[in-house]
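Shown next, in structure tokens, is the structure this report addresses.
The values are calculated or read from the model by the stated rules, or taken from the named source; none is laboratory data. It should be emphasised that the depicted structure is a prediction, and the values quoted were computed from it without experimental measurement. In this analysis, Cβ positions are derived from the backbone assuming ideal geometry, glycine residues included, and neighbour counts consider all displayed protein chains.
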């Protein structure tokens, strides 16, 4: 029987953390109690993208997009919407049409400018049910390549599509496939890099959680194209939901005979195994990942030989990122030409970004290449909250750089981002406002890379440590102008001499902030001031006498008794005792304390 | 080779069973260590020894892997592990202040465990729910949109 309504509950990590599993259970219970479980279908989907407003529940056919749903709201949705057909308006978006009616959610600014190609099934199908993937043309692309195309023809299509690696480097995917295809060996491997370690990036996780079969199918196609019978997915252990859904997906594909010694009955063998990471950022680097997948320390290898020649267990290996695989089936089914219509001259297709930081609509967005940062931040992202000013956007994580407000109209693609001193990276996009100190951010990233450097090569192990120390000195107000020049020199030295991508890109956050926010560095060094008021050593707290009403709240809030004053008289802070914790600012109701 | 049993006999038996399964796999050492940590909660030296001898590698190699990856523990953890996300999205929204407050309240640094074995404080990498930033986890429970005011409330919840 066909159901009269579908209830979709987001099961991505963000919404799950907001209790969406309990919401799902409550729906199950209430639908049953009201004898609706036969006529209404309840589905746990992957990420809808608008994480800031989670947990999200969508009810079709009306397309009602309920946000910030709580377990207590489920009863109202079932009794009002499902039983009586009355949409629960208070849970809908506040965005309205001119006539006051609620905007359909795909017409809201967050969704309207997006182009969901890789994420087409996320938030649409149940990722734990292979039948739903099959219903959306699942495994059709694999059938097509095996029955209608030679391996070389498959590679030619990928080449013609202009698809470039979505893990960050942007290497042409078709070339990678060609190299692996050309290597001759008794065994080859297809590897999926799902070690998404950039802080603030969760594109790959969301794809694996929302549409795991599309990655499995793409790996099968790659296996056919290069002549590999075995695939490995190396996934971060920090992603328990993704790991679980991959395990379910692999098992279901095996049960259906889609994976196995005679995949889909078409005469080719393909099997996939999961390997879990154990918390090391460097394992996102492909050769380090291979070592780790072999069960060793995840130290990078010297290249050449490249993995396409000598990779996993010493055999030729094709290694692509999750999102890269996410494009493959669509390219096969729709053709290379269709794909090249999206994007810019040298960057085709779309890119998924994880929007985070000081932005209203935190979440997952997929945009055509070439869209400007302004559209992403102001339209899709809904701008900066609390009336603050946009200061910079950080892309590429610890390998990338900060894009200043003056470059907000740059069209986003691989080459433009490199040209302005950042990089595409895997897709983390962190927005910063005027309260963010750029020196502190550079220090934050350096601390990360120092911690994650594997220690194999000297420029990265020692160079980045020294760089970090100089930044620390500057944030303490002890830096000199010579330090700035020294830092810059050291940055280039590390970039040129490190063994792998981690070291080669580690100084980027420093270089890009020095380039665009040099005045902030100078303020720290020369004026001993932190303009954003972040670096504790350079901040002092002061009570504005005119505004202080002498209520004593700050005095009571101060943990070190640094504030004195008589009741109804202006208070004062003793700078020698003050530990700059900010408790007084939080306590003051008159905005009388400045830093 | 050490024949010494560590933990309960059941734990040891389960370890031996898991190692047996992995014997035919290529590159089994890390998988074995992950399985062992799931059993013991950490990797006692005797367990590392056992893994080394089972797969014919040196103890140095196993120890090298254990110290390379953040998720392997050489010491037992506290009853509750508080993991504060220091990913970029959480950091720009103030998770650094939150971890400082935890350090102050618990009297330990990140990576340490309180003397009563109750709390372990960890600075974690991005756990991927940036929409809720700043975020922390206490074992498997997630807390989002934190401020420093939440620290005492959260600690009080685990005051058993």
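Before moving on, here are some points about what is shown:
- Taken over region A:304-314, residues that are more than 28 Å from the chain's Cα centre (by Cα), over 13 Å from residue A:179 (Cα atoms) and touching a residue at least 12 places away in the same chain (Cβ under 8 Å) amount to 1.
- Per the listing A:592, A:532, the residue uniquely modelled with pLDDT of 90 or more and under 33 Å from the mean Cα position of the chain (by Cα) is A:532.
- Residue A:227 being within 24 Å of residue A:395 (Cα to Cα) and more than 14 Å from chain B (Cβ to nearest Cβ): no
- Qualifying position, being farther than 27 Å from residue A:322 by Cβ and modelled with pLDDT of 95 or more, among A:102, A:74: A:74
- For region B:20-29, the condition of being assigned to a loop (DSSP other than H, G, I, E, B), more than 13 Å from chain A (Cβ to nearest Cβ) and on the phi > 0 side of the Ramachandran plot holds for none of the residues.
- Cβ-Cβ under 7 Å pairs, at least 6 apart or on other chains, region B:126-142 side within 7 Å of chain A (Cβ to nearest Cβ) and closer than 20 Å to residue A:203 by Cα, far side assigned to a strand (DSSP E or B) and modelled with pLDDT of 90 or more: B:126/B:85; B:127/B:85; B:127/B:137; B:130/A:354; B:130/A:356; B:131/A:363; B:133/A:356
- Residues in region A:370-402 that are at pLDDT 95 or above, away from chain B (no Cβ under 12 Å) and in a strand (DSSP E or B): A:372, A:390.
- Residue in region A:78-92 that is away from every other protein chain (no Cβ under 14 Å), part of a loop (DSSP other than H, G, I, E, B) and under 30 Å from the mean Cα position of the chain (by Cα) present: yes
- Counting only residues that are without any contact (Cβ under 8 Å) to a residue 60 or more places away in the chain and assigned to a helix (DSSP H, G or I), region A:337-357 holds 1 of them.
Each row is one residue, and each column tells you yes or no for (1) within 11 Å of another protein chain (Cβ to nearest Cβ); (2) under 16 Å from the mean Cα position of the chain (by Cα); (3) surrounded by 15 or more Cβ atoms within 10 Å (Cβ to Cβ); (4) closer than 18 Å to residue A:277 by Cα.
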site	(1), (2), (3), (4)
B:17	no, no, no, no
B:39	no, yes, yes, yes
B:44	no, yes, yes, no
B:50	no, no, yes, no
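- Matching residues in region B:143-160 - criterion: being in contact (Cβ under 8 Å) with a residue 12 or more places away in the chain and part of a loop (DSSP other than H, G, I, E, B): B:144, B:145, B:146, B:147, B:148, B:158
- Which numbered condition residue A:233 misses (of (1) part of a helix (DSSP H, G or I); (2) within 24 Å of residue A:169 (Cβ to Cβ)): (1)
Yes/no matrix, rows are residues, columns are (1) outside the structural domain of residue A:428 (by TED's automatic domain parsing); (2) over 25 Å from the mean Cα position of the chain (by Cα); (3) free of Cβ contacts under 8 Å to residues at least 24 places away in the same chain:
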position	(1), (2), (3)
A:274	yes, no, no
A:280	yes, no, no
A:287	yes, no, no
A:296	yes, yes, yes
A:322	yes, no, no
A:376	no, no, no
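Yes/no per residue for (1) surrounded by fewer than 24 Cβ atoms within 10 Å (Cβ to Cβ); (2) touching a helix residue (DSSP H, G or I) at 6+ places or on another chain (Cβ under 8 Å); (3) over 30 Å from residue B:48 (Cβ atoms); (4) more than 11 Å from chain B (Cβ to nearest Cβ):
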{"position": "A:285", "(1), (2), (3), (4)": "no, yes, no, yes"}
{"position": "A:292", "(1), (2), (3), (4)": "no, yes, no, no"}
{"position": "A:303", "(1), (2), (3), (4)": "yes, yes, yes, yes"}
{"position": "A:309", "(1), (2), (3), (4)": "yes, yes, yes, yes"}
{"position": "A:323", "(1), (2), (3), (4)": "no, yes, yes, yes"}
{"position": "A:329", "(1), (2), (3), (4)": "no, yes, yes, yes"}
{"position": "A:337", "(1), (2), (3), (4)": "yes, yes, yes, yes"}
{"position": "A:340", "(1), (2), (3), (4)": "yes, yes, yes, yes"}
{"position": "A:345", "(1), (2), (3), (4)": "yes, no, yes, yes"}
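- Helices (runs of 4 or more DSSP H) wholly inside region A:461-577 that include at least 3 residues being touching a residue at least 60 places away in the same chain (Cβ under 8 Å): A:501-505, A:508-516, A:518-525
Every residue, every condition in (1) crowded, with 23+ Cβ neighbours inside 10 Å; (2) away from every other protein chain (no Cβ under 14 Å); (3) touching a strand residue (DSSP E or B) at 6+ places or on another chain (Cβ under 7 Å), yes or no:
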| position | (1), (2), (3) |
| --- | --- |
| A:434 | no, no, yes |
| A:439 | yes, no, no |
| A:451 | no, no, no |
| A:459 | no, yes, no |
| A:462 | no, yes, no |
| A:467 | yes, yes, no |
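- Restricted to region A:19-44, and to residues there that are outside any helix (DSSP H, G or I) and in contact with a helix residue (DSSP H, G or I) (Cβ under 7 Å, 6 or more places away or on another chain), the residue that is farthest from residue A:132 (Cα to Cα) is A:34.
- Residue in region A:235-248 that is surrounded by the most Cβ atoms within 10 Å (Cβ to Cβ), counting only those that are within 11 Å of chain B (Cβ to nearest Cβ) and in contact with a helix residue (DSSP H, G or I) (Cβ under 6 Å, 6 or more places away or on another chain): A:242
- Failed condition for residue B:68, given (1) at the interface with chain A (Cβ under 10 Å from one of its Cβ atoms); (2) touching a residue at least 40 places away in the same chain (Cβ under 8 Å); (3) on the phi < 0 side of the Ramachandran plot: (2)
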